[in-house]
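Working notes, structure below.
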Amino acid sequence: MSAAAVGADHERELLNTADRLADLHPGYRFEIIGGVVTAAPLRDGPHANALTTVMIALFEAGLGDEETEVLQGIGLWLPSGPEDYAIPDLALVDSDFDEHLIEYNCYDPAIFRLVLEVTSSNYNLDLRHKVAAYAEAKIPVYVILDRRHGRVHVLTEPLGSSYDRHEVYAPGQQAPLPASIGVEVSLDVAELIQAGRAKPRTPDA
């Protein structure tokens, strides 16, 4: 192997590690945030149900039209490190996103209008580390459905490694999203929290 090939492989050390882990743990989502490989657990049914509920609200508001696409699991290349990338649960992107592929199936953050995460057992990743990562990538709107605490967070106006505005909404409230995403739409917090909750199991008869 040439020195150049060795160097190129070394430069992709974290990406190679993420690939190996993905092969060993099918179904898990591996990301590199701040130079650290992170793992998201297998998503449960309520997690998927919450995403579907959000998608329906966005589609009913007119998004996913000629100008935008509403997508799950699209890679986002991050500027915070040479191998950093994230895979948001849901994203609203410009319709020409396929012209902005960077590498590793990840796309330029400039085409992302909104990203949304539904928390799982590793909720601190969404509530802390990804706040900094998405702000540094200048993602205009970051929405977090916090299933653990029953809240919806809407972060806007990225500034450095944080967001200048951080609104928190509880069940019974509507969580408005900024018109900058393309339309005016609000999310029903109670509906989202309910969708993301596991239904009580009935005992076998």
Can you tell me which condition L125 does not meet? The list is (1) without any contact (Cβ under 8 Å) to a residue 40 or more places away in the chain; (2) outside any strand (DSSP E or B), and all the others hold. (1)
Tell me, please, whether a residue that is touching a residue at least 12 places away in the same chain (Cβ under 8 Å), within 15 Å of G34 (Cβ to Cβ) and of a type in the set (D, E, K, R) can be found in segment 102-109. no
Within segment 91-99, is even one residue free of Cβ contacts under 8 Å to residues at least 12 places away in the same chain, in a helix (DSSP H, G or I), open to solvent by 10 Å² or more (accessible area, probe 1.4 Å) and closer than 23 Å to L177 by Cα? no
Extreme residue, least open to solvent (accessible area, probe 1.4 Å), among residues of segment 7-63 that are without any contact (Cβ under 8 Å) to a residue 60 or more places away in the chain and touching a Ser or Thr at 6+ places or on another chain (Cβ under 6 Å): E31
Does any residue of segment 130-146 turn out to be in contact (Cβ under 8 Å) with a residue 60 or more places away in the chain, in contact with a Gly (Cβ under 7 Å, 6 or more places away or on another chain), on the phi < 0 side of the Ramachandran plot and in a strand (DSSP E or B)? yes
Given the criterion surrounded by fewer than 16 Cβ atoms within 10 Å (Cβ to Cβ), of a type in the set (K, R) and at pLDDT 95 or above, identify the matching residue among R148, R165. R165
Restricting segment 103-122 to residues that are acidic (D, E) and not in a loop (DSSP other than H, G, I, E, B), the residue that is farthest from S180 (Cα to Cα): E103
Residue that is modelled with the highest pLDDT, among those in segment 19-66 that are of a type in the set (D, E) and not in a helix (DSSP H, G or I): E31
Just a yes or no: is a residue in segment 184-201 over 26 Å from A40 (Cα atoms) and open to solvent by 70 Å² or more (accessible area, probe 1.4 Å)? yes
Return yes when A4 is open to solvent by 60 Å² or more (accessible area, probe 1.4 Å), part of a helix (DSSP H, G or I) and either at pLDDT below 95 or more than 24 Å from G196 (Cβ to Cβ) (or both) and no when it is not. yes
Six or more apart or on different chains, Cβ under 9 Å: which pairs go from a residue in segment 172-195 that's over 11 Å from A50 (Cα atoms) and among the charged types (D, E, K, R) to one that's open to solvent by 80 Å² or more (accessible area, probe 1.4 Å) and not in a strand (DSSP E or B)? Could you list them? D188/Q173
Can you find even one residue in segment 112-121 that is among the aliphatic types (A, V, I, L, M), farther than 21 Å from A22 by Cβ, open to solvent by 40 Å² or more (accessible area, probe 1.4 Å) and modelled with pLDDT of 95 or more? no
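The values are calculated or read from the model by the stated rules, or taken from the named source; none is laboratory data. Given the structure is predicted, the values throughout are model-derived calculations rather than measurements. Cβ atoms come from the backbone with ideal geometry, glycine included; neighbour counts cover every protein chain shown. Remember, those area values only see protein heavy atoms, side chains included, never the ligands or the DNA or RNA. Shrake-Rupley method; radii C 1.70, N 1.55, O 1.52, S 1.80 Å.
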